[in-house]
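Worksheet: the structure to be examined is printed underneath.
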Amino acid sequence: MRILIVTDAWEPQVNGVVRTLRSVRRELEQAGHAVHVISPDQYGSLPCPTYPEIRLAMALPATVGRAIAAFAPNAVHLATEGPLCLAARRWCLRNGIPFTTAYHTHFPDYVSQRTGLPAEWFWTYIRWFHGPARAVLVSTPSVMEQLRAHGLAQVRRWGRGVDLDCFTPDAPPPALFAELPRPIQLYVGRVAVEKNIGAFLSNAHPGSKVVVGDGPARVELQAAHPQAHFLGAMSGRELAGAYAGADVFVFPSRTDTFGLVMIEALACGTPVAAYPVTGPVDIVTPETGALAEQLEAAIAAAMACDRAVCAVYGASFTWAASARQFLDGLHPFSGEQETAAA
């Protein structure tokens with residue numbers, strides 16, 4: 001199958017959406033499918049307000065449409081709700097091309113935190129954007145229920161995976177960890193306001209707090225929490241070592257739909273502490289972590305979990321299974337015939 005993915009999130013961005021798309025693309029290509037990605041780096045772009053690391057592509061629907069038609073896909077997937085996918089959406093609707101979409105982030109809550117406006121205002125946009133999609137791919141059952149409650153009935157499950165060649169319990173930890181008071185509490189991800197990292201850094205549980213990642217809130221958080229250790233962005237085996245060397249992984253976000261970092265931590269044998277919200281409630285089990293409205297309670301309970309059990313559970317999330325679900329959720333059509341007519 002010839003699969004076209006349009007996304008506003010792509011390299012050099014470092015986040016769960018990019019890692020998911022890259023990993024699924026690799027699995028699909030290994031299975032013999034042709035996958036083409038239309039991304040912001042192919043067009044002129046502007047920095048995203050309040051988050052300049054993210055570039056917003058400025059492309060007309062006709063321009064994006066020519067790129068779609070040139071590939072002659074058998075399936076079109078719009079991965080994000082940004083300007084590039086908006087252009088592709090408009091062109092597809094104008095030309096009768098079916099497409100699927102994905103809901104990766106609680107966009108209304110995310111924008112609400114950055115603007116101070118009510119989240120419900122942005123649900124109008126979500127319903128409008130995803131409404132014409134043949135399927136909306138979502139990561140967990142709780143997100144499926146939430147979208148159905150907001151009028152989007154065509155939801156399909158699309159789980160996530162872990163690179164099990166990389167994320168293992170025997171990954172060597174950073175040298176710094178040998179010097180830190182235990183327990184080591186770890187956060188991995190974008191250092192941005194919507195990730196609620198301040199709640200993690202302010203929790204009263206004793207030990208050391210380590211942040212891996214970068215983002216627009218890093219300078220402010222470092223100044224406010226000088227006792228915390230900010231290690232910057234990591235990837236590959238180095239990141240796996242940070243997971244494996246920690247005593248507990250803390251996931252303070254209330255706006256993620258999944259939380260890829262949680263299953264990476266689990267695959268490295270590290271239990272998860274989080275709030276009882278969408279994402280963690282679908283992933284964390286009593287044997288592999290703890291959920292509580294008080295992070296201190298979740299951290300204390302999570303550290304009692306068996307790390308070997310965590311590793312086995314984390315290894316059950318594979319990118320091969322994720323790619324199969326993605327493929328099953330697509331809406332194939334006669335690409336050459338329909339895009340040629342367009």
**Item:** Neighbours by Cβ (under 6 Å, 6+ apart or cross-chain): first from the range 165-192, without any contact (Cβ under 8 Å) to a residue 40 or more places away in the chain and crowded, with 17+ Cβ neighbours inside 10 Å; second part of a loop (DSSP other than H, G, I, E, B) and among the charged types (D, E, K, R)
**Value:** 191/214
**Request:** Output the qualifying pairs, or none if there are none: Cβ atoms under 8 angstrom, residues six or more apart or on different chains, first residue in the range 284-299 and in contact (Cβ under 8 Å) with a residue 12 or more places away in the chain, second residue part of a loop (DSSP other than H, G, I, E, B) and acidic (Asp, Glu).
**Result:** 287/306
**Request:** Can you tell me which residue within the range 203-259, out of those that are among the polar types (S, T, N, Q) and not in a strand (DSSP E or B), is nearest to the chain's Cα centre (by Cα)?
**Result:** 257
**Asked** Cβ-Cβ below 9 Å, separation at least six or inter-chain, first residue in the range 206-224 and over 21 Å from residue 295 (Cα atoms), second assigned to a loop (DSSP other than H, G, I, E, B) and among the polar types (S, T, N, Q): which pairs?
**Response** 216/50
**Message:** Looking at the range 82-127 only, could you name the residues that are of a type in the set (D, E, K, R), farther than 17 Å from residue 144 by Cα and at pLDDT 90 or above?
**Reply:** 89, 90, 94
**Request:** Would you check which residues across the range 20-31 are of a type outside the set (A, V, I, L, M, F, W, C) and out of contact with any helix residue (DSSP H, G or I) (no Cβ under 6 Å at 6 or more places or on another chain) and list them?
**Result:** 20, 22, 25, 26, 29, 30
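Residues are listed down the side, and each one gets a yes or a no for (1) assigned by TED's automatic domain parsing to the domain that holds residue 93; (2) of a type outside the set (Asp, Glu); (3) not in a helix (DSSP H, G or I):
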residue	(1), (2), (3)
18	yes, yes, no
21	yes, yes, no
26	yes, yes, no
29	yes, no, no
32	yes, yes, yes
47	yes, yes, yes
**Complete:** Per the filter on the range 125-141, residues touching a residue at least 60 places away in the same chain (Cβ under 8 Å), out of contact with any Pro (no Cβ under 6 Å at 6 or more places or on another chain) and either of a type in the set (A, V, I, L, M) or crowded, with 16+ Cβ neighbours inside 10 Å (or both) are 135, 137, 138, 139, 140
**Prompt:** Restricting attention to the range 302-317, does a residue exist that is assigned to a helix (DSSP H, G or I), free of Cβ contacts under 8 Å to residues at least 24 places away in the same chain and assigned by TED's automatic domain parsing to the domain that holds residue 92?
**Reply:** no
**Asked** Taking into account only those residues within the range 260-286 that are part of a loop (DSSP other than H, G, I, E, B), at pLDDT 95 or above and crowded, with 23+ Cβ neighbours inside 10 Å, which is nearest to the chain's Cα centre (by Cα)?
**Response** 284
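The values are calculated or read from the model by the stated rules, or taken from the named source; none is laboratory data. Remember, it's a predicted structure, so these values are computed and weren't measured experimentally. A quick note on method: Cβ atoms are made from the backbone with ideal geometry, for glycine too, and the neighbour counts reach across all protein chains shown.
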